[in-house]
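For reference, the structure is listed below as structure tokens.
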Amino acid sequence: MLRAVKHLQKQELYQFDEFTLDVSSGFLSHSGEPVKLAPKVYNALVYLIENRDRIVSKDELFAELWPDTFVEDNALSYTISQLRKALAIHEPETVFIETVPRRGFRFVGRLNESSAIVRSAEHVIERQTVEEIWIEETDDRSPDEIAVRPAFVLSDGSSRSISKLLAIGLVAALLLLSVGAVWITSRYPAIRPIKTVAVVPLQDISGANLDRSILLGMTYALISQLGRSGELVVRPLSSTIAASSPDIDPLAVGKKLNVDTVVEWNLQKVNDRFRVNARLINVPDGRQLWNESFDYTEADLFKVQDTISELTARALIANLSEAESDRLHDRPTDNNDAYQAYLRGRYHWNQRTLEGFNTARGFFEQAVSLDPKFAEAHNGLADVHLGYYDYGYKPASESIHLAIAAVNRATELDPTLADAYSTKASIEFLYNRDWKATETNFKRAIELAPNDPTPKLRFGWMLSVAGRIDEGSEQLRAAEKLDPTSNIGQANIAYNLMVSGKLAEAETRLRKLKTNAPNFSLANWYLATVYFLQDRPVESLEEYLTAFSIDEGNSVQIDKIRTTMQNSSREEALRIWREDLESRYAKNYFPPSNIALVAALAKDRGKTINWLREAERIRDPWLLQVLHDPEYRFLIGDPEFEQLLASLKFER
């Protein structure tokens with residue numbers, strides 16, 4: 001039942017020291033600058049200030065912050081601790097929240113009572129069935145402020161009582177979304193369209209030690225879901241992970257990623273139930289565009305994503321159509337277990353390590369067995385087998401045919417799956433060297449997902465390798481606009497600059513990338529080539545050694561090479577290095593073009609040609625860069641080398 005209550009008097013503005021708390025907009029600032037508070041932390045501050053004339057017991061705070069929800073004692077301790085930390089950042093010498101032993105907490109800050117503003121609230125809508133209140137302040141409010149609404153419940157309906165709660169929750173959710181959508185679009189037509197969004201990785205604040213693959217899997221799913229809208233640009237998971245840390249302010253993440261808005265969310269687990277607190281923050285001014293909490297069971301885990309994506313889209317897209325809303329909620333499978341397995345597989349695949357690929361393969365195979373028609377899971381398997389090949393863990397003979405079979409199955413099941421066409425294009429380029437098919441598949445992927453930077457940055461790099469420098473630069477710059485902080489994107493732009501002869505610009509970009517991502521070896525690989533072109537052989541070799549050390553995670557061999565150079569000579573060090581790599585290749589596969597490179601650095605024609613032949617025989621994906629690597633230029637004019645270059649030309 002809904003009922004309207006009018007003429008509620010409520011104080012909306014509080015000032016203490018240099019802080020200003022505007023309850024009407026859910027906004028705390030210090031000296032005019034926004035102060036980030038998690039939803040429960042903010043609610044605790046408001047409640048303590050409103051009851052500043054007395055001690056508020058722990059039980060009372062529990063009832064206020066977590067009504068009808070069981071949480072452990074440490075949840076309140078954590079909330080008060082976070083509140084004190086947030087205030088202390090700006091006023092380290094002042095105590096605002098006092099702990100009264102065995103009694104509770106009290107706000108003891110000096111409040112400027114004369115600054116208080118009291119307004120009459122027009123509407124309070126109360127949903128009595130779930131004891132929740134949605135307050136809409138309609139007078140004297142800025143037209144670009146959106147109210148904060150409390151939690152609603154999602155449940156799995158596994159028993160009679162749970163079924164009842166589910167029915168109530170679904171009705172409440174539908175009512176909330178429909179009324180909220182009308183309210184937002186009708187009240188705030190003047191809001192400037194916001195296009196760029198970052199989703200901060202989901203954090204577990206309950207201490208339950210939830211599997212990180214679940215947390216980042218949910219983040220990946222929400223990013224993918226929001227990315228289905230052609231009107232939103234959503235930063236990829238890899239970029240948000242690189243920009244985030246458990247203690248970093250979401251506004252700082254948003255500014256680092258150069259986005260308009262940030263979705264911040266955290267999760268608590270209590271017994272078999274979960275609570276997710278989420279909010280959408282406007283980065284330029286720190287306003288909360290919406291703020292929600294969701295209670296649910298594990299069976300409803302991914303229903304939360306639907307609601308968050310819907311709220312975000314409706315806040316950012318004017319007149320969201322029914323078709324666009326349906327596209328946001330289009331689930332790739334109806335099997336919840338298959339979906340969870342897929343998301344966990346994506347988390348491990350993103351590690352880009354042999355162990356990560358192996359673990360991801362297991363999860364993707366599980367997803368396919370649970371739902372054989374799950375196209376994304378088939379494409380996940382294709383990406384694993386392509387990853388084995390592209391990252392040098394397995395030869396083409398053990399991987400490519402499996403990648404081709406899986407990606408073909410994915411596009412057969414879903415001809416509109418953009419990621420699958422990007423995977424196909426990479427196979428056509430790296431293995432088949434069929435440029436026409438490469439270009440066709442990349443263009444299809446970009447057509448299906450115009451706001452996804454990944455196919456653009458891959459296509460741009462491959463255009464650069466193929467010698468179509470200007471077209472490559474165009475694709476790479478377009479990808480940079482969509483994801484300006486991508487490490488691989490910055491490296492690929494530097495590669496394009498390098499092959500076009502703009503060495504100083506390439507060096508500047510790569511040196512900055514090394515500083516920002518010291519363990520990202522591709523920056524060292526490309527910088528080594530830039531230094532070689534600049535006739536700086538000592539610096540070039542040092543970058544190659546560093547790149548090998550990062551990739552192998554073991555500096556013992558590299559330390560031996562450095563010691564040999566110091567005590568003997570460069571030639572002797574390169575000989576020892578090559579022989580060590582040859583010995584390892586006889587036992588375990590890795591791309592033989594690495595051995596050819598070391599031989600080329602020593603200008604050993606015979607060894608260089610032999611290992612280039614081996615790289616061509618096994619279809620080494622890294623061999624294509626020989627087309628531009630200057631280390632091989634001493635072989636220009638050599639008949640065997642020229643024959644090899646001719647074999648690398650693409651079919652058009």
Go through the residues of segment 548-556 one by one and say whether even a single one is buried (at least 20 other Cβ atoms within 10 Å of the Cβ), touching a residue at least 60 places away in the same chain (Cβ under 8 Å) and touching a helix residue (DSSP H, G or I) at 6+ places or on another chain (Cβ under 8 Å).
no
Being closer than 21 Å to Phe459 by Cβ, in a helix (DSSP H, G or I) and modelled with pLDDT of 95 or more narrows Leu522, Leu527, Leu497 down to just Leu497
Being open to solvent by less than 50 Å² (accessible area, probe 1.4 Å) and either assigned to a loop (DSSP other than H, G, I, E, B) or among the β-branched types (Val, Ile, Thr) (or both) is the filter here, so list the residues in segment 303-334 that pass it.
Val304, Thr307, Ile308, Thr312, Ile317, Leu320, Ser321, Pro332, Thr333
Given the condition out of contact with any Leu (no Cβ under 8 Å at 6 or more places or on another chain) and more than 25 Å from Ser464 (Cβ to Cβ), answer yes or no: does some residue in segment 386-393 qualify?
no
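Residues in segment 498-526 that are in contact (Cβ under 8 Å) with a residue 24 or more places away in the chain and surrounded by 15 or more Cβ atoms within 10 Å (Cβ to Cβ): how many?
Start the filter on segment 498-526 by keeping residues that are in contact (Cβ under 8 Å) with a residue 24 or more places away in the chain, which leaves 498-500, 503, 506-507, 513, 516-517, 519-524, 526.
With surrounded by 15 or more Cβ atoms within 10 Å (Cβ to Cβ) added as a condition, the list becomes 498-500, 503, 506-507, 513, 517, 520-524, 526.
Residues that pass the stated criteria total 14.
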List the residue pairs whose Cβ atoms are under 7 Å apart, where the first residue sits in segment 195-220 and is more than 20 Å from Phe363 (Cα to Cα), the second is at pLDDT 80 or above and open to solvent by 50 Å² or more (accessible area, probe 1.4 Å), and the two are 6 or more positions apart or on different chains.
Lys195/Glu231; Pro201/Ile241
Considering segment 66-76, residues that are farther than 15 Å from Phe294 by Cβ and open to solvent by less than 90 Å² (accessible area, probe 1.4 Å), and then whichever is modelled with the highest pLDDT, we arrive at Leu76
Among the residues of segment 230-260, which ones are crowded, with 23+ Cβ neighbours inside 10 Å, at pLDDT 90 or above and not in a loop (DSSP other than H, G, I, E, B)?
Val234, Val253, Gly254
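Here's the yes/no breakdown for (1) under 36 Å from the mean Cα position of the chain (by Cα); (2) among the basic types (Lys, Arg):
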residue: Asp580; (1), (2): no, no
residue: Tyr589; (1), (2): yes, no
residue: Pro592; (1), (2): yes, no
residue: Arg605; (1), (2): no, yes
residue: Thr608; (1), (2): no, no
residue: Ile618; (1), (2): yes, no
residue: Pro621; (1), (2): yes, no
residue: Leu645; (1), (2): no, no
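Of everything in segment 459-481 that's basic (Lys, Arg) and either open to solvent by 50 Å² or more (accessible area, probe 1.4 Å) or within 21 Å of the chain's Cα centre (by Cα) (or both), which residue is modelled with the highest pLDDT? Reasoning before the result, please.
Here is the first cut: in segment 459-481, the ones basic (Lys, Arg) are 468, 477, 481.
Imposing the further condition that a residue be either open to solvent by 50 Å² or more (accessible area, probe 1.4 Å) or within 21 Å of the chain's Cα centre (by Cα) (or both) reduces the set to 477, 481.
Numbers: Arg477: 96, Lys481: 92.
If we take residues in segment 459-481 being basic (Lys, Arg) and either open to solvent by 50 Å² or more (accessible area, probe 1.4 Å) or within 21 Å of the chain's Cα centre (by Cα) (or both), then Arg477 is modelled with the highest pLDDT.
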Could you grab me the full set of residues in segment 586-604 that are assigned to a loop (DSSP other than H, G, I, E, B) and in contact (Cβ under 8 Å) with a residue 40 or more places away in the chain?
Tyr589, Phe590, Pro591
Just to be sure, is Ser540 in contact with a helix residue (DSSP H, G or I) (Cβ under 8 Å, 6 or more places away or on another chain) and open to solvent by less than 60 Å² (accessible area, probe 1.4 Å)?
yes
Between a first residue in segment 373-385 that is under 7 Å from Ala410 (Cα atoms) and without any contact (Cβ under 8 Å) to a residue 24 or more places away in the chain and a second residue that is surrounded by fewer than 24 Cβ atoms within 10 Å (Cβ to Cβ) and among the acidic types (Asp, Glu), which pairs have beta carbons less than 8 Å apart while being 6 or more apart in sequence or on different chains?
none
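Answer yes or no: is there a residue in segment 602-612 that is modelled with pLDDT under 90, under 24 Å from Leu541 (Cα atoms) and touching a helix residue (DSSP H, G or I) at 6+ places or on another chain (Cβ under 7 Å). Reasoning before the result, please.
Going through segment 602-612, the residues modelled with pLDDT under 90 turn out to be none.
The answer is no, given that none of the residues of segment 602-612 is modelled with pLDDT under 90, under 24 Å from Leu541 (Cα atoms) and touching a helix residue (DSSP H, G or I) at 6+ places or on another chain (Cβ under 7 Å).
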As an exercise: evaluate Pro484 against (1) at pLDDT below 95; (2) assigned to a helix (DSSP H, G or I); (3) not small (Gly, Ala, Ser) and give the number of the one condition it does not meet.
(2)
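Does segment 363-377 include one or more residues that are of a type in the set (D, E, K, R), part of a helix (DSSP H, G or I) and over 29 Å from Glu552 (Cα atoms)?
Of segment 363-377, the ones of a type in the set (D, E, K, R) are 365, 371, 373, 376.
Pick out the ones that are also part of a helix (DSSP H, G or I) and you get 365, 376.
After this cut, where a residue has to be over 29 Å from Glu552 (Cα atoms) as well, the list is 376.
Checking segment 363-377: at least one residue is of a type in the set (D, E, K, R), part of a helix (DSSP H, G or I) and over 29 Å from Glu552 (Cα atoms).
To keep it simple, each residue is scored yes or no on (1) open to solvent by 40 Å² or more (accessible area, probe 1.4 Å); (2) within 27 Å of Leu624 (Cβ to Cβ); (3) in a helix (DSSP H, G or I); (4) modelled with pLDDT under 95.
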residue	(1), (2), (3), (4)
Gln340	no, no, yes, yes
Gln351	yes, yes, no, yes
His385	no, yes, yes, no
Val407	no, yes, yes, no
Thr438	no, yes, yes, no
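The values are calculated or read from the model by the stated rules, or taken from the named source; none is laboratory data. All values derive from a computational prediction rather than experimental measurement. Cβ sites come from the backbone with ideal geometry, for glycine too, and all protein chains shown count toward neighbours. Heads up: the accessible areas ignore ligands, DNA and RNA and are worked out on the full protein's heavy atoms, side chains in. Shrake-Rupley method; radii C 1.70, N 1.55, O 1.52, S 1.80 Å.
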